[in-house]
2 protein chains.
Amino acid sequence: MPKRRILPYVLLGLINNKGELSGYQISQEFKNEVGDFWHASHSQIYPELARMKDDGWVKDKDDGKSTYYLITDLGHQVLRSWMEEPLQDNEELFSLKLYFVRDGNDPLLKILLKQELQLNQEKYAHLQDRLQEVFYNETEIKNNFGHYLILTRAIEREKNHIEWLKNKL
Amino acid sequence: MPKRRILPYVLLGLINNKGELSGYQISQEFKNEVGDFWHASHSQIYPELARMKDDGWVKDKDDGKSTYYLITDLGHQVLRSWMEEPLQDNEELFSLKLYFVRDGNDPLLKILLKQELQLNQEKYAHLQDRLQEVFYNETEIKNNFGHYLILTRAIEREKNHIEWLKNKL
DNA sequence: CAGGACATGTAAACCGTTACATGATTAA
DNA sequence: TTAATCATGTAACGGTTTACATGTCCTG
């Protein structure tokens, strides 16, 4: 399967959230809030915006100083359908998509939480299996102490995350 | 600053842990334990091993079936100095390096924990600042609920991690 | 009027994945 | 004997970063 591109959806989400944005403003966005969850450099942003315009996801509005991009009806559909796509592999997608959910009553919120819960329960089970398989006695722990530490830490981390997710559902 | 390559150090660490490994065995390693913390495909591994041999980090031993690689004295130095380099940017480096620390009494263990603690305290402070800046009242929370959720989740996550690190120090 | 921020763009290099190839060995 | 696993390699493609480039506007 060809790896899904994420950048265009991020740009679409940002433009949708703010109403209109120029390429420069988008690159500034990545230095602020959304920067904690995703990043892109201006050399990616400008060509991507051009492509999105070609595809009819956005339309542009030039005031002579900057070119601002606004989301089109098609863009709305594309964004929504991406948001509704099941989460997979990429760990950061959950945070990123959640960032774009503005309304606490949007049903997407619960859907995302449920999907993430599912993924994390699988991961938790997988890590527990590893722990059983690899560290079956004290000697193994002693001889691979760093591995033991991060594995138990990863398990704790998943547990915390699962608890948080359940709590929000 | 040019971004540091990590792959050669991972291969070096694996070879060092196991004594000797063929390219194929390394690719299998990534399907097992270390696969939870790092990954590389065989098309990266083989050329990288050749480069490492050219650089004198490893030497090879061919039994007609497979080519096995062993770490050299230079390789040991390179690995150790990489392990001692301060952690930075890349979040996964902490787990990865810890994976290579086998002896619980290796002073590197505490050094890594301290470095990670430092990084995480900075990140925690940064996220707290964001929370204060962006969500100064209930309206902001209501209008950006997804962002609020992941930001508070990220803060909780850092807090848990910091507690764990302190506990292990 | 100089330096920094605004604003946009392309080119090169780098790293990683997927696909393309090939051949030996082993187990059903 | 044929399919799976072992074993190694290169080529093509895609996405990201860094560097190269250029010009405007605003502020001290």
Take the residues of segment A:11-29 that are within 27 Å of A:Pro86 (Cβ to Cβ) and away from every other protein chain (no Cβ under 14 Å): which is farthest from DNA strand D (Cβ to nearest atom)? A:Ile15
Under 23 Å from A:Leu109 (Cα atoms), among the β-branched types (Val, Ile, Thr) and open to solvent by less than 50 Å² (accessible area, probe 1.4 Å): is that true of A:Val58 in this structure? no
Looking at (1) more than 10 Å from chain B (Cβ to nearest Cβ); (2) under 20 Å from B:Asn144 (Cβ atoms), can you tell me which one A:Asp129 breaks? (2)
Against the definition (closer than 20 Å to B:Leu112 by Cα and β-branched (Val, Ile, Thr)), how does B:Val58 come out, yes or no? no
Give me a count of the residues in segment A:37-70 that are away from DNA strand D (no atom under 14 Å from the Cβ), assigned to a helix (DSSP H, G or I) and among the acidic types (Asp, Glu). 1
Set B:Asn32, B:Asn17: member being in the same structural domain as B:Thr67 (by TED's automatic domain parsing), of a type outside the set (Ser, Thr, Tyr) and over 28 Å from A:Glu91 (Cα atoms): B:Asn17
For segment A:75-122 the number of residues that are open to solvent by 70 Å² or more (accessible area, probe 1.4 Å), within 9 Å of chain B (Cβ to nearest Cβ) and within 18 Å of the chain's Cα centre (by Cα) is 2
Residue ID - most open to solvent (accessible area, probe 1.4 Å), chosen from residues in segment B:12-30 that are over 16 Å from the mean Cα position of the chain (by Cα) and within 13 Å of DNA strand C (Cβ to nearest atom): B:Tyr24
Name the residue, out of A:Thr67, A:Thr152, that is of a type in the set (Val, Ile, Thr), away from DNA strand C (no atom under 16 Å from the Cβ) and either in contact (Cβ under 8 Å) with a residue 40 or more places away in the chain or outside the structural domain of A:Gly23 (by TED's automatic domain parsing) (or both). A:Thr152
Does A:Glu33 satisfy the criteria of being more than 20 Å from A:Arg4 (Cα to Cα), open to solvent by less than 70 Å² (accessible area, probe 1.4 Å) and at pLDDT below 95? yes
For segment A:124-169, name all the residues that are open to solvent by 30 Å² or more (accessible area, probe 1.4 Å) and of a type in the set (A, V, I, L, M). A:Ala125, A:Leu131, A:Leu169
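The values are calculated or read from the model by the stated rules, or taken from the named source; none is laboratory data. Just so it is clear, the structure is predicted and the values come from calculations on it, not from any experiment. Positions of Cβ are backbone-derived with ideal geometry, glycine not excepted, and every protein chain shown enters the neighbour counts. The area values use the complete protein model at the heavy-atom level, side chains included, leaving out ligands, DNA and RNA. Shrake-Rupley method; radii C 1.70, N 1.55, O 1.52, S 1.80 Å.
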